[in-house]
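In what follows, a structure is listed as structure tokens, so that the remarks can point back to it.
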Amino acid sequence: MAVMIEDIVKSVEHLLKLIRKRSQVQAFVDPTLDPVLLVPGIAGSILNAVDEETGKIERVWVRILGADHEFRDKLWSRFDPATGKTVNLDVHTHIEVPEDRYGLYAIDNLDPDMILGGDCVYYFHDMIVEFIKWGYQEGTTLFGFGYDFRQSNRFQDTLERLASKLESIHAASGGKKINIISHSMGGVLTKCFMSLYGDTFQKYVKNWIAIAAPFQGAPGYITSTLLNGASFVEGWEENFFIKKWSMHQLLIECPSIYELMPSSDFKWEQTPFLEIWKKKLDSNGNPCVMLESYSSSEAIPVLAEALVTNKECYCGDDIWLPFNLDILKWADGTRKLMNSAVVPNQVKFFNIYGTSYQTAHSVCYGSVDSPVSDLLQLPALEGKYIYVDGDGTVPVESAKADGLLAEARVGVAGSHRGILCDHRVFRILKHWLKADHDPFYNPVNDYVILPTAFEMEKLKEAADHGLQQVVAALRDEWEIVIADDVEEEKEENQPLM
């Protein structure tokens, strides 16, 4: 019966692919634009499992039907400290990222066959649609770079693929330099690449725009992920996707996750802690409850003890999955590498970070009434968060602390994934990419600067279609904000405590 259902699902998927074929004709193309490469974050690329004996290809991330089974069977893996590679438990398959649509297919809609609730699996979809409206063209000025997000951000195979991608884009665009737009962990990957492949970066890259990058980690999110797992989507759609614990058993062996742990070298304005209400005995031997707080480095032994018995059954065998100190050592090397990164000459770096969302920073387990008596209880408990300002995943403090010479850093009120379809982000990107041809837009303060009388006269003389059309177009496209409105907006967007 299970086999019949699987065959039906695959038939439906094939039918949907045929129905959803779109015309490749594009109404408007701007040949003056410089090429753009989109780089996603963790879990932001379609992954296919390829059977090495038959060559059969199965999409294992993301899919709504049969998701958890295929995920556990084909994506679960172990870290090899000798190579720094995460290796499949299924030795008969390997993971590939599809290169269709010049790399954009893998990072556009993560489940192209999903009918209802499709926006929950959109990644760069809205941004790609917007860029095409501006005149970007797939394969000429618009490209994507998907990758196996289980691997380290300094995994050599991934970085070599990225180097080859930049070279091919440079050739396809007629020798133009490239604008990299990264999201989330894609910023960590790009920073590692810039550090190890500085000459290549300088040769091919014009601008790098990082969006919602956890440059100093995502403390609350990663701590709870290592102990309790993570959900890819929230709401009713969560029931159709990967189970939280299945995700945990994958991520506990992923160096990319350890590389997003809070940086212990960074001087946090608000230090992230792992806090535990513990049942103990006082100096007189009487039972009491105490709140213990652990900094990032102090929390390591706690995580190790809490996960010492963590295991999973795979093909009838018990696979032990404790907190991996080998991966932690590897991640420390990645952190040192990122700390040494420098933006090459003639390359401009920009940083957009999300604000105005409660973002987990410290995690607390237990309570005065229900204290923790054994650290082995932690994976089964739900942590309570202490929040700071951020995008819901990455704190502002971490995203802003890129450690690089930046042309601009701009905060935008938006959630971690929602920021990729935010109209204000589009407006900023359009200006930085010089796709707007608007001399009066100020992305740092995010409002339009009204021209002076002298500038208006100059524009009147220069404009092909007259000043009135130019001003009218500006009013249609941009929201005009006067100085008082800007001050009010700043007050509204104060950090959430």
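The values are calculated or read from the model by the stated rules, or taken from the named source; none is laboratory data. Just so it is clear, the structure is predicted and the values come from calculations on it, not from any experiment. All Cβ positions, glycine included, derive from the backbone under ideal geometry; neighbour counts span all protein chains shown. The protein model used for the area step is the full one, side chains on, heavy atoms only, and it has no ligands, DNA or RNA in it. Shrake-Rupley method; radii C 1.70, N 1.55, O 1.52, S 1.80 Å.
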First in region 312-329 and assigned to a loop (DSSP other than H, G, I, E, B), second anywhere and loosely packed, with under 14 Cβ neighbours inside 10 Å and of a type in the set (A, V, I, L, M, F, W, C), Cβ under 8 Å, 6 or more apart: Pro322/Val308; Phe323/Val308
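Conditions (1) in a loop (DSSP other than H, G, I, E, B); (2) more than 21 Å from Ser370 (Cα to Cα); (3) modelled with pLDDT of 90 or more; (4) out of contact with any Pro (no Cβ under 8 Å at 6 or more places or on another chain), marked per residue:
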position: Glu269; (1), (2), (3), (4): yes, yes, yes, yes
position: Pro272; (1), (2), (3), (4): yes, yes, yes, no
position: Trp277; (1), (2), (3), (4): no, no, yes, no
position: Lys280; (1), (2), (3), (4): no, no, no, no
position: Gly285; (1), (2), (3), (4): yes, no, no, yes
position: Leu291; (1), (2), (3), (4): no, no, yes, yes
position: Ser296; (1), (2), (3), (4): yes, yes, yes, no
position: Ile300; (1), (2), (3), (4): no, yes, yes, yes
position: Leu303; (1), (2), (3), (4): no, no, yes, yes
Residue check, Asp332 part of a loop (DSSP other than H, G, I, E, B) and open to solvent by 50 Å² or more (accessible area, probe 1.4 Å): no
Arg424 vs. criteria open to solvent by 20 Å² or more (accessible area, probe 1.4 Å) and not in a helix (DSSP H, G or I): no
Matching residues, region 113-140, being surrounded by 18 or more Cβ atoms within 10 Å (Cβ to Cβ) and modelled with pLDDT under 95: Asp113, Met114, Cys120, Val121, Tyr122
Lone unmet requirement of (1) outside any loop (DSSP other than H, G, I, E, B); (2) within 15 Å of Gly187 (Cβ to Cβ) for Ala406: (1)
Pairs where the first residue, in region 337-363, is assigned by the TED database to the domain that holds Pro214 and farther than 20 Å from Leu420 by Cα and the second is at pLDDT below 95 and basic (Lys, Arg), C-beta under 8 Å, 6+ apart: none
Residue, nearest to His248 (Cα to Cα), within region 366-381, restricted to residues that are exposed (fewer than 12 other Cβ atoms within 10 Å of the Cβ) and of a type outside the set (Gly, Ala, Ser): Asp374
Candidate set: region 335-354, residues that are among the β-branched types (Val, Ile, Thr) and not in a strand (DSSP E or B); chosen: the one surrounded by the fewest Cβ atoms within 10 Å (Cβ to Cβ): Val342
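Every residue, every condition in (1) at pLDDT 95 or above; (2) of a type in the set (Asp, Glu); (3) surrounded by fewer than 18 Cβ atoms within 10 Å (Cβ to Cβ); (4) within 19 Å of Leu75 (Cβ to Cβ), yes or no:
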{"position": "His170", "(1), (2), (3), (4)": "yes, no, yes, no"}
{"position": "His183", "(1), (2), (3), (4)": "yes, no, no, no"}
{"position": "Thr190", "(1), (2), (3), (4)": "yes, no, no, no"}
{"position": "Gly198", "(1), (2), (3), (4)": "yes, no, yes, no"}
{"position": "Phe201", "(1), (2), (3), (4)": "yes, no, no, no"}
{"position": "Val205", "(1), (2), (3), (4)": "yes, no, no, no"}
{"position": "Trp236", "(1), (2), (3), (4)": "no, no, yes, no"}
Residues that are aliphatic (A, V, I, L, M) and part of a helix (DSSP H, G or I), drawn from region 199-228: Ile222, Leu226, Leu227
Test set (1) surrounded by fewer than 21 Cβ atoms within 10 Å (Cβ to Cβ); (2) modelled with pLDDT of 95 or more; (3) more than 25 Å from the chain's Cα centre (by Cα); (4) farther than 30 Å from Phe241 by Cβ - Leu33 fails condition number: (1)
Given (1) outside any loop (DSSP other than H, G, I, E, B); (2) touching a residue at least 40 places away in the same chain (Cβ under 8 Å); (3) in contact with a helix residue (DSSP H, G or I) (Cβ under 9 Å, 6 or more places away or on another chain), index of the condition Ile132 fails: (3)
Which listed residue is closer than 22 Å to Ala408 by Cβ and free of Cβ contacts under 8 Å to residues at least 60 places away in the same chain, from Phe193, Phe215: Phe193
Cβ pairs under 7 Å, 6+ apart, first in region 432-447 and touching a residue at least 40 places away in the same chain (Cβ under 8 Å), second open to solvent by 40 Å² or more (accessible area, probe 1.4 Å) and part of a loop (DSSP other than H, G, I, E, B): none
